[in-house]
Amino acid sequence: MNPKEIRIVFMGTPDFAVESLKALVENGYNIVGVITAPDKPAGRGQQLNESAVKQYAAKQGLRILQPEKLKNPDFIAELESLRADLQVVVAFRMLPEIVWAMPPMGTFNLHGSLLPKYRGAAPLNWAVINGETETGVTTFLLSHEIDTGKIMFQERTPIGENDTVGDIHDRLMIIGANLVVKTVDALVNGEVEAIDQEKLINDGLQVKHAPKIFKDDCRIDWTRDTESVRNLIRGLSPYPTAWTELVHPEKKEVLTAKIYATFRDNSCLPAAPGTLQTDGKKYLRIACPDGWLSVTEIQLSGKKRMKIDELLRGFHDLRSWQIKMQ
């Protein structure tokens, strides 16, 4: 069968998924339906916000389905009516078996890690937070347990010392789109030898988990070493962003500070963890047990994201503030 003749249903929601859908469309694949998240109210006016995948699919004139519940009988009937040969999932929610088992060629997922490493909702973030030097993307066939299906293909990319999760996201978005096309072609041509993840684990590969990240996970613990704190900041930048709190000892005010970028600063003597130093003009550094981190990009409550010198020009009394320790 010609790969362009098979009927494909695509499932995804954020920007990361758009590139894969775009690659399939631009390569002439027959996309018979796109499943994405329902529109959600956002902003002060609570206007309905369409997913990035919906916006792209609408421009291409593709059929769009936005089910609230994936087991809804009306949705299942509509999905069946599309008569898909194959389903492709990129950055979407967990599917029930009645959905992923529907097409004769199965359903495969593009996952943002080198499985079996980093199973879970936030693989890109946790790879950077944990100081990994390499990551990648994996296509695998869906099965009953999340992120455990048989692996088809993987592509790798290094994580640079100063890469943020945003950098990795943008790189893997392109690499992943190419891998999706490669996987579709291989499935159609019968050129896939899927590997059981349990075999890889038995051969010594370690399973790591990448659970959903909550606000408290993003709070900086300045009693940890500089490398751990810097990795946390890189792994959460630009979103959801590592944060700390500043307190004014006299005014008793508290400000939240989101920190986007830092570098190790060895220019001064050690100090107690959480000590804040600034000249009020060009630098702001904060102490960890083994040294200092100099903040280069920051966002204070009620302000926009700024370079540190820009912030200090408008916040002259920052020297009076202290880090609020946990």
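The values are calculated or read from the model by the stated rules, or taken from the named source; none is laboratory data. Computed from a prediction, not measured in an experiment: that's the story for all the values here. Cβ atoms come from the backbone with ideal geometry, glycine included; neighbour counts cover every protein chain shown.
Just to be sure before I move on: is Pro158 in the same structural domain as Gly190 (by TED's automatic domain parsing) and without any contact (Cβ under 8 Å) to a residue 40 or more places away in the chain in the structure I sent?
yes
Identify all residues within the range 30-52 that are in a loop (DSSP other than H, G, I, E, B) and within 23 Å of Arg171 (Cα to Cα); write none if there are none.
Thr36, Ser51
I'd like the full set of residues that are among the aliphatic types (A, V, I, L, M), part of a helix (DSSP H, G or I) and closer than 27 Å to Thr138 by Cα, limited to the range 192-231.
Of everything in the range 192-231, those that are among the aliphatic types (A, V, I, L, M), part of a helix (DSSP H, G or I) and closer than 27 Å to Thr138 by Cα turn out to be Leu200, Ile201.
Name the residue, out of Gly160, Gly136, Gly176, that is under 21 Å from Glu227 (Cα atoms) and at pLDDT 95 or above.
Criteria check complete, one pass: Gly160.
For Gly166, which of the numbered conditions (1) farther than 17 Å from Gly120 by Cα; (2) small (Gly, Ala, Ser); (3) assigned to a loop (DSSP other than H, G, I, E, B); (4) in the same structural domain as Pro123 (by TED's automatic domain parsing) fails to hold?
Every condition holds for Gly166 apart from (3).
Taking the criterion of being touching a Pro at 6+ places or on another chain (Cβ under 8 Å) and in contact (Cβ under 8 Å) with a residue 24 or more places away in the chain, would at least one residue in the range 254-262 satisfy it?
Scanning the range 254-262 turns up at least one residue that is touching a Pro at 6+ places or on another chain (Cβ under 8 Å) and in contact (Cβ under 8 Å) with a residue 24 or more places away in the chain.
Give the residue, chosen from Leu293, Leu312, that is within 32 Å of the chain's Cα centre (by Cα), more than 21 Å from Asn162 (Cβ to Cβ) and not in a loop (DSSP other than H, G, I, E, B).
Going through Leu293, Leu312 in turn, just one is within 32 Å of the chain's Cα centre (by Cα), more than 21 Å from Asn162 (Cβ to Cβ) and not in a loop (DSSP other than H, G, I, E, B): Leu312.
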